[in-house]
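To start, the structure under review is shown below, and the notes come after it.
The values are calculated or read from the model by the stated rules, or taken from the named source; none is laboratory data. Quick caveat: nothing in here was measured; it's all calculated off a predicted structure. Backbone-built Cβ (ideal geometry, glycine too); neighbour counts: all protein chains shown. What goes into the accessible areas is simple: the full protein's heavy atoms, side chains included, and nothing from ligands, DNA or RNA. Shrake-Rupley method; radii C 1.70, N 1.55, O 1.52, S 1.80 Å.
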Amino acid sequence: MSRKKIIAGNWKMNMTPSEAVKLIETLKPLVKNEEVDVVFCVPAIDIIPAVEAAKGTNICIGAENMYFEEKGAYTGEISPGMLVDAGVKYVIIGHSERREYFAETDETVNKKVLKALEHNLTPIICCGESLTQREQGITIDWIRQQIKIAFLNVTADQAKTTVIAYEPIWAIGTGKVATTEQAQEVCGAIRACIGEIYDQATAAAIRIQYGGSVSASSAPELFAQPDIDGGLVGGASLKPDFGAIVNYNK
Ligand code: PGA
């Protein structure tokens, strides 16, 4: 089974709407690669101009978060229906920064995953261990727990369409990329876990990204690993380097 690579930028809280349009104009010619699905996950306020700027290109626009209710008295939140209507295809769920600063839990991640799928949004489901957890040797146990809760009540057919992003917290924004062996080991364990929850066909279909200080120089080796199907890229997605990351195989 060959899985199409998926390389997504996570802009985090960067770029005003007008800056977003300029950045997309700059990156548009650089991120062409038919062998890769290319996604820009942008701040909520940038979504509408970003969708417009990306029209007619191979760039899909994603959101960085959403709420798990349809609508109502949830001041400040954005619903899946709003994202779909705006032209969004992907949504990052449970990024470690959301877990750390905005009290998201495995349980809210699961609710968001179910809600995104109900609306045909592809969730990019984040998991990852802290440095302490890695040093304690509990990385795989921790990640398996995150995955098992995130996928509660998700059917096999739905699971096949999702994307998982393995992002060791100690590698995010630190310039300290995981070694290829570390990244492959955990991505392989995630695929095995999906195989246990569902079956081999589901495990073979699901796409698993690595994220955490991915750069143009580290991408080729990381993305060549058997269980790594692309990357979730923060800092380097705001620069022309992102073009080189998307074209890691050229
Ligand atoms: P980074 O961020 O590439 O800047 O480490 C990755 C992420 O948080 O998704």
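Some notes on this structure:
- Residue among 134, 99 that is over 18 Å from the mean Cα position of the chain (by Cα) and in a helix (DSSP H, G or I): 134
- Residue 14 vs. criteria in contact with a Cys (Cβ under 9 Å, 6 or more places away or on another chain), in contact (Cβ under 8 Å) with a residue 40 or more places away in the chain, within 19 Å of residue 173 (Cβ to Cβ) and within 16 Å of the ligand (Cβ to nearest atom): no
- Hits in segment 128-159 (condition: in contact (Cβ under 8 Å) with a residue 24 or more places away in the chain and open to solvent by 40 Å² or more (accessible area, probe 1.4 Å)): 131, 134, 140, 144, 145, 148, 152, 153, 158
- Restricting segment 43-54 to residues that are part of a helix (DSSP H, G or I) and not aliphatic (A, V, I, L, M), the residue that is surrounded by the most Cβ atoms within 10 Å (Cβ to Cβ) is 46.
- First in segment 81-108 and open to solvent by 60 Å² or more (accessible area, probe 1.4 Å), second anywhere and more than 16 Å from the ligand (Cβ to nearest atom) and in a helix (DSSP H, G or I), Cβ under 7 Å, 6 or more apart: 107/149
- Matching residues, segment 137-186, being of a type in the set (Asp, Glu) and either over 16 Å from residue 210 (Cβ atoms) or in a helix (DSSP H, G or I) (or both): 141, 157, 181, 185
- The residues on offer are 180, 162, and the sole one that is open to solvent by less than 10 Å² (accessible area, probe 1.4 Å) and of a type in the set (S, T, N, Q) is 162.
- Positions within segment 197-223 being assigned to a loop (DSSP other than H, G, I, E, B) and either under 22 Å from residue 41 (Cβ atoms) or without any contact (Cβ under 8 Å) to a residue 12 or more places away in the chain (or both), in sequence order: 206, 212, 213, 214, 215, 216, 217, 218
- Residue that is nearest to residue 108 (Cα to Cα) [pool: residues in segment 58-80 that are surrounded by fewer than 15 Cβ atoms within 10 Å (Cβ to Cβ) and hydroxyl-bearing (Ser, Thr, Tyr)]: 74
- Checking each residue in segment 114-127 for being open to solvent by less than 50 Å² (accessible area, probe 1.4 Å), out of contact with any Leu (no Cβ under 9 Å at 6 or more places or on another chain) and part of a helix (DSSP H, G or I) picks out only 117.
- Within segment 196-232, being under 26 Å from residue 153 (Cα atoms), out of contact with any Cys (no Cβ under 9 Å at 6 or more places or on another chain) and open to solvent by 10 Å² or more (accessible area, probe 1.4 Å) holds for 196, 197, 198, 199, 200, 201, 204, 205, 207.
Here is a yes/no grid of residues against (1) in a loop (DSSP other than H, G, I, E, B); (2) of a type in the set (D, E, K, R); (3) within 17 Å of the chain's Cα centre (by Cα):
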{"site": "3", "(1), (2), (3)": "yes, yes, yes"}
{"site": "7", "(1), (2), (3)": "no, no, yes"}
{"site": "15", "(1), (2), (3)": "yes, no, no"}
{"site": "18", "(1), (2), (3)": "no, no, no"}
{"site": "21", "(1), (2), (3)": "no, no, no"}
{"site": "26", "(1), (2), (3)": "no, no, no"}
{"site": "30", "(1), (2), (3)": "yes, no, no"}
{"site": "34", "(1), (2), (3)": "yes, yes, no"}
{"site": "41", "(1), (2), (3)": "no, no, yes"}
